[in-house]
């Protein structure tokens, strides 16, 4: 974690400022604990990645294998003890998301040559250089790292530690990554000049996401790309949006849709699941501005 990121971070439980206890640090904080003195929540930093979950044992409960891996990755006794204590407080659940999150990290790693990325990068040329940028659902940081070449400070947010561990290998001095829920108040009242949300409308209630991002942008851009693939069984969102209602909701929140994305698009985004199977999406790209 970059020490400069502490200026932007807030407790995801109560929104208060955080204090840091760094166990290992060089150019970045490699291990440590972020602490909220107001509500006493603690957030570990493992391999330079802060895990900003309002209940760390609950995060580990559905990722028991990850918990063991984090314990093995920890180098200091303080961090090992914290992880061990957190694991002892977890309630057993049958669903362990560790392997699933690792698999999707590898899928995105093997799909970096998809045409979608070149189309997106060409469209982002019209976006002015920004002071502060965040990408929600950044996965392995393919787009986040690209953004860091042109903008001042860039953050990547994802629920998957495995994905962010790969993203962190693309080291840049102006980009930082955090494990967090997309809708958490991680950045308090900070305002962003550019927000991206790619292929995540099926993972979070779309209207809630739009409202959350709208509050973070007073003057700037919001970039969304999605295939509107909402069928997730019992995990499906309750109020999905289509091409028309997405644009209508954005306009109602005070955004103007850039003319080149006013009409729905069908940009190919191919994901290589394994050497025999591919997943072919056709995503709609929307660039909105306040």
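Every number here is computed from the coordinates shown, using simple stated rules; none is lab data. Not measured: the values here are computed from a predicted model. Cβ sites come from the backbone with ideal geometry, for glycine too, and all protein chains shown count toward neighbours.
Defining a contact as two alpha carbons under 8 Å apart and six or more residues distant in sequence, what relative contact order in percent does the chain show?
Here the relative contact order equals 15 percent.
What FRET efficiency do you get for residue 260 and residue 47 if R0 is 41 Å and r is their Cβ-Cβ distance, rounded to the nearest 0.05?
So, using R0 = 41 Å, E works out to roughly 0.55.
In whole Å, what is the distance between the alpha-carbon centres of the stretch 1-51 and the stretch 236-290?
So the two Cα centres are separated by 34 Å.
Running a GNM on the chain with Cα contacts under 10 Å, which residue among 56, 192, 178 ends up with the highest mean-square fluctuation?
Top of the fluctuation ranking is 56.
Hey, in the GNM for the chain with a 10 angstrom Cα cutoff, which one of 102, 234, 47 fluctuates hardest?
Result for the chain, Cα springs under 10 Å: 234 fluctuates most.
For the chain, modelled as a GNM with alpha-carbon contacts under 10 angstrom, which of 223, 93, 237 fluctuates the most?
The residue with the greatest mean-square fluctuation here is 93.
Once you have a ≥ b ≥ c as the square roots of the Cα gyration tensor eigenvalues for the stretch 103-289, tell me rounded if a/c is under 1.5, and otherwise prolate or oblate according to whether a/b is larger than b/c.
rounded
Return the FRET efficiency for the residue pair residue 238, residue 6: r is the Cβ-Cβ distance, R0 is 25 Å, and the value is rounded to the nearest 0.05.
Details: r = 36 Å, r/R0 = 1.43.
The pair residue 238/residue 6 has a calculated efficiency of 0.10.
Quick one: work out the % antiparallel among DSSP beta bridges in the chain, nearest 5.
On the way: 27 of 48 bridges.
Just about 55 percent of them are antiparallel.
Please give, to one decimal in nm, the separation of the simple spin-label points placed at residue 26 and residue 131, each 7 Å out from Cα toward the Cβ.
Spacing of the two 7 Å Cα→Cβ label points: 3.3 nm.
Determine the gain in length on full extension of the stretch residue 58-residue 249; use 0.36 nm per residue of separation and subtract their C-alpha separation, reporting nm with one decimal.
65.5 nm
By how many nm would the segment from residue 274 to residue 229 lengthen if fully extended, with 0.36 nm per residue of separation less the alpha-carbon distance? Display every interim value, and only then the final one.
Working: separation 45, 0.36 × 45 = 16.20 nm, distance 2.04 nm.
Full-extension gain reported as 14.2 nm.
Shape of the stretch 3-96 from its Cα gyration tensor (a ≥ b ≥ c, root eigenvalues): rounded if a/c is under 1.5, otherwise prolate when a/b > b/c, or oblate?
Oblate is the answer for the stretch 3-96, as a/c is 1.5 or above yet b/c matches or exceeds a/b.
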